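Some notes on the structure that comes next.
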Amino acid sequence: MIKKWKYFLGLALITIALLNSGFKTNKTGDFGKLNDFYLQEGEVLNYELPKITDGKPKVRIPYTGKTYVGFKQAIAVRESQGLYKLINPFGYMGKYQFGKSALRAVGIHDNNEFLNNPELQEKAFKALLSINKWELRKEIKKYDGKVVGGIKVTESGILAAAHLAGAGSVKKFLRSNGQSGFRDGFGTSLKSYIKKFGGYDTSCIEANRFPKIS
């Protein structure tokens with residue numbers, strides 16, 4: 001009886017810990033917290049609750065896999081460690097590190113509002129992806145699945161690289177067979193983004209030259 005009591009108590013504590021783990025599915029309260037999840041309508045976060053294997057609970061950590069949510073969270077961790085209010089030494093802002101020109105491209109002119117509005121940042125990221133997908137629609141069709149410069153090119157890798165370096169730099173890289181490179185102020189290469197963020201499902205992103213942020 002004592003062992004069974006301890007087992008069920010442990011299972012209850014694990015379940016409570018998961019429910020309070022900080023993985024959110026809607027608006028966040030403290031949006032300076034590391035790697036907050038902020039899901040928009042239609043976005044899905046997959047997760048598993050504890051399972052019992054051979055009489056012992058086995059915890060499955062929440063995961064996003066190769067979904068679009070997984071893609072944007074991976075970008076966010078690489079760009080800012082998921083911090084909405086971060087401004088880097090070069091002036092790039094927010095969870096996805098937007099520069100002023102990128103903000104203007106998606107119709108945002110108030111930097112302070114952007115930094116203090118997690119929902120706006122998520123919408124801005126998706127809007128910029130739509131613009132880059134439109135700008136690179138021919139390259140995606142031509143190079144998706146091919147090897148360029150020793151790395152496999154995928155749609156998500158192309159979009160990630162465009163977020164880092166701009167659509168023009170991605171075009172130069174692909175058309176030069178990987179000979180024309182780009183590195184940001186921290187030395188991060190365009191090529192590394194194509195590789196690191198390849199294979200995610202970004203089919204939900206519609207190519208749109210003039211997306212609207214509602």
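One residue stands out in the stretch 79-91 among those that are under 13 Å from Phe125 (Cβ atoms) and out of contact with any helix residue (DSSP H, G or I) (no Cβ under 6 Å at 6 or more places or on another chain): the one that is most open to solvent (accessible area, probe 1.4 Å), namely Glu79. Taking first residues from the stretch 134-155 that are on the phi < 0 side of the Ramachandran plot and hydroxyl-bearing (Ser, Thr, Tyr) and partners that are part of a loop (DSSP other than H, G, I, E, B) and buried (at least 18 other Cβ atoms within 10 Å of the Cβ), the Cβ contacts under 6 Å between residues at least 6 apart in sequence or on separate chains come to Tyr143/Val153; Thr154/Gly198. Considered as a group, the residues in the stretch 193-214 that are within 13 Å of Asp144 (Cα to Cα) and assigned to a helix (DSSP H, G or I) include one that is most open to solvent (accessible area, probe 1.4 Å), and that residue is Lys195. Within the stretch 39-65, being in a loop (DSSP other than H, G, I, E, B) and either of a type in the set (S, T, N, Q) or modelled with pLDDT of 95 or more (or both) holds for Gln40, Asn46, Thr64.
Has the stretch 144-152 got at least one residue that is open to solvent by 40 Å² or more (accessible area, probe 1.4 Å), touching a helix residue (DSSP H, G or I) at 6+ places or on another chain (Cβ under 9 Å) and part of a helix (DSSP H, G or I)? Taking every residue of the stretch 144-152 in turn, none turns out to be open to solvent by 40 Å² or more (accessible area, probe 1.4 Å), touching a helix residue (DSSP H, G or I) at 6+ places or on another chain (Cβ under 9 Å) and part of a helix (DSSP H, G or I).
Restricting attention to the stretch 182-191, which residues are open to solvent by 40 Å² or more (accessible area, probe 1.4 Å) and either touching a helix residue (DSSP H, G or I) at 6+ places or on another chain (Cβ under 9 Å) or hydrophobic (A, V, I, L, M, F, W, C) (or both)? If you could, list the steps in order and put the result at the bottom.
Going through the stretch 182-191, the residues open to solvent by 40 Å² or more (accessible area, probe 1.4 Å) turn out to be 182-186, 191.
Across the stretch 182-191, the qualifying residues are Phe182, Arg183, Asp184, Phe186, Lys191.
Being without any contact (Cβ under 8 Å) to a residue 40 or more places away in the chain, closer than 19 Å to Tyr92 by Cα, touching a strand residue (DSSP E or B) at 6+ places or on another chain (Cβ under 9 Å) and not basic (Lys, Arg) is the requirement here; does Leu164 meet it? When the stated conditions are applied, Leu164 passes them. Among residues of the stretch 173-189 that are over 17 Å from Leu136 (Cα atoms), those with a beta-carbon under 7 Å from a residue that is at pLDDT below 90 and open to solvent by less than 90 Å² (accessible area, probe 1.4 Å) at least six positions away or on a different chain give the pairs Ser189/Gly181; Ser189/Phe182.
The values are calculated or read from the model by the stated rules, or taken from the named source; none is laboratory data. Just so we're clear, the structure is a prediction, and the values are computed from it rather than from any experiment. Here the Cβ is made from the backbone with ideal geometry for all residues, glycine too, and neighbour counts use every protein chain on show. Surface areas here come from the heavy atoms of the whole protein model, side chains and all, with no ligands, DNA or RNA. Shrake-Rupley method; radii C 1.70, N 1.55, O 1.52, S 1.80 Å.
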